[in-house]
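A short write-up of the structure that comes next.
Derivation of every value follows stated rules applied to the coordinates shown; laboratory data play no part. Treat the numbers as computed from the prediction; the structure is a model and nothing was measured. Here the Cβ positions follow ideal geometry from the backbone for every residue, glycine too, while neighbour counts run over all protein chains shown.
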Amino acid sequence: MTVRGALTLVLVLGTAACAPFNPEVIKVPVPVPCVFTLPAKPVPYVEQVALTGHPETDALAVFRAMEAELEARRAYEVELEAAVQACRGGKEDGR
């Protein structure tokens with residue numbers, strides 16, 4: 001054994017007599033990106049109405065398409081708000 005080896009052995013054995021190593025768990029919040037799929041955008045029903053030239057029937061068809069489009073947009077808004085709220089961890093923004 002060389003002097004260098006003996007010195008290393010003494011240093012290693014000397015540190016072995018120190019207090020035992022007890023790791024401590026420290027919890028640190030880590031930002032995690034929110035990943036979700038966007039819901040499909042609602043179909044613009046009003047643009048798809050085939051006008052016949054009769055004011056009464058055209059107005060009723062356009063009105064029904066507007067109602068359907070409004071309901072689809074409301075449902076889309078609810079789905080988007082649910083996705084945002086899920087990313088925030090269920091916290092609401094005070095509205």
Which whole-Hz ³J(HN,Hα) couplings does the range 48-57 yield from phi under the Karplus relation 6.51 cos²θ - 1.76 cosθ + 1.60, θ = phi - 60°, glycine and proline marked x? 8, 6, 8, 7, 9, x, 8, x, 5, 6
Between Glu81 and Lys41, 0.36 nm times their residue separation minus their Cα-Cα distance comes to what? 13.0 nm
Under Karplus coefficients 6.51, -1.76 and 1.60, residue-wise ³J(HN,Hα) of the range 27-43 in Hz, glycine/proline x: 8, 10, x, 10, x, 10, x, 7, 10, 8, 8, 6, x, 5, 5, x, 6
For the chain, find the longest principal axis of its Cα atoms and tell me its angle to the long axis of helix 3-16, 0 to 90°, nearest 10. 60 degrees
Please compute the net charge surrounding Ala75, taking Lys and Arg as +1 and Asp and Glu as -1 over other residues with Cβ under 15 Å from its Cβ. -3
Full-extension gain in nm, His54 to Thr2, via 0.36 nm per residue minus C-alpha separation: 7.9 nm
Average projection area in nm² (convex hull over Cα atoms of the chain, one quarter of hull surface): 14.3 nm²
Could you list Thr57, Thr37 so that the one with the fewest beta carbons within 10 Å of its beta carbon is first and the one with the most is last? Thr37, Thr57
At a 10 Å Cβ-Cβ cut-off, how would you order Thr2, Thr8, fewest neighbours first? Thr2, Thr8
